[in-house]
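S.K.: Got a structure for you, written out below as structure tokens; questions coming shortly.
The values are calculated or read from the model by the stated rules, or taken from the named source; none is laboratory data. Please read all numbers here as calculations on a predicted model, not as lab measurements. Ideal geometry is used to build each Cβ from the backbone, glycine not excepted, and the neighbour counts take in all protein chains shown.
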């Protein structure tokens, strides 16, 4: 029976652990320094989950913590992602991770190969599910010329002034708004300002959302030979303009400033004031929306492939949609690593798994958990 450990008991990590604990083929442990999230997750699992307190900000502690396990799942903030990945790989443990790390995880590919480790990175909803779909699109088309991704999590009931709440680490949300956004135009990587090129996008059953550039393509830029690719984040209209004003004012800056004789980082003050207002209240509902469109040639015909997901808060368990749609791709792929279905060793981006033809089984497993992705194909030549 595989022995699994989940690093991080936050909104996503706790869902990962409970989902794995529901599988009688796994023994599951959840690690975090905070006792209260561990206690809540253990209660939700009805005692099927073991918990351990550990300071996961320390790579040596990470290596010691994962030592007795067969498969490791990562659900830590982006600031801890790369050093955690390195520590787990160096410990010789297979890994599946959702961290939105700023560093390039493929830089650790050689270490993973040397240690005989298979490490799937960026395996949430986006990056993650979006990458799996993009890889499948490239494999399905004879020639893929364009991939466009729109994705985002929003509260069902948007409220002034932010029209937004965060179902995962708010620091990682701010990272999306400040990290330069890379897109691919005519085969060239082009850098755009985050929050730029705003446009309105319609989704059936949801309404009008606003899309803007973020650095969501990540590994897709190097792994897929598609001449035009971009990813845009979705929010309710009005949020992006406010975040742009915050950023241009300097409220997201990490550079210390002196105020009244004290030195502070503007981001720390902004976080302390804003993040409590971004926290979902118990039972407050959210939505996760994803659309991936690929265009190219299939059997001599210009063809468009579209995958679309609109997922809602799960009222029966009180689980946010963003937590579910981020956690489940990771737990599903981790199971496939554990049973040898994912080719390794090395650092493996999700699009590689999509190119290998594994998307249908992953979508089937998502549907079994109530997360449904609809797909359609249409010719563009009339």
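S.K.: Applying the selection to region 287-301, what residues are over 24 Å from residue 364 (Cβ atoms) and surrounded by 17 or more Cβ atoms within 10 Å (Cβ to Cβ)?
M.R.: Result: 295, 296.
S.K.: For residue 247, work out the one condition from (1) surrounded by fewer than 20 Cβ atoms within 10 Å (Cβ to Cβ); (2) under 30 Å from residue 372 (Cα atoms); (3) in contact (Cβ under 8 Å) with a residue 40 or more places away in the chain it doesn't fulfil.
M.R.: Tallying (1) surrounded by fewer than 20 Cβ atoms within 10 Å (Cβ to Cβ); (2) under 30 Å from residue 372 (Cα atoms); (3) in contact (Cβ under 8 Å) with a residue 40 or more places away in the chain, residue 247 fails exactly one: (2).
S.K.: Here's something else I'd like to know. Select from region 302-325 the residues that are part of a strand (DSSP E or B) and out of contact with any strand residue (DSSP E or B) (no Cβ under 9 Å at 6 or more places or on another chain) and write down the one among them that is surrounded by the most Cβ atoms within 10 Å (Cβ to Cβ).
M.R.: Looking at residues that are part of a strand (DSSP E or B) and out of contact with any strand residue (DSSP E or B) (no Cβ under 9 Å at 6 or more places or on another chain), I get 319.
S.K.: Please go through region 78-103 and pick out each residue that is out of contact with any strand residue (DSSP E or B) (no Cβ under 9 Å at 6 or more places or on another chain) and touching a residue at least 60 places away in the same chain (Cβ under 8 Å).
M.R.: 78, 79, 102
S.K.: Which of the residues that make up region 218-243 are out of contact with any helix residue (DSSP H, G or I) (no Cβ under 7 Å at 6 or more places or on another chain) and assigned to a loop (DSSP other than H, G, I, E, B)?
M.R.: Hits for region 218-243 are 218, 225, 227, 236, 237, 238.
S.K.: Out of 16, 101, I need the residue that is touching a helix residue (DSSP H, G or I) at 6+ places or on another chain (Cβ under 6 Å) and not in a helix (DSSP H, G or I). Which one?
M.R.: 101
S.K.: Residue 38: modelled with pLDDT of 95 or more and either assigned to a strand (DSSP E or B) or surrounded by fewer than 20 Cβ atoms within 10 Å (Cβ to Cβ) (or both), yes or no?
M.R.: no
S.K.: Among the strands (runs of 3 or more DSSP E) lying completely within region 155-203, list those that include at least 2 residues that are in the same structural domain as residue 248 (by TED's automatic domain parsing) and under 29 Å from residue 11 (Cα atoms).
M.R.: Ranges flagged: 181-185, 199-203.
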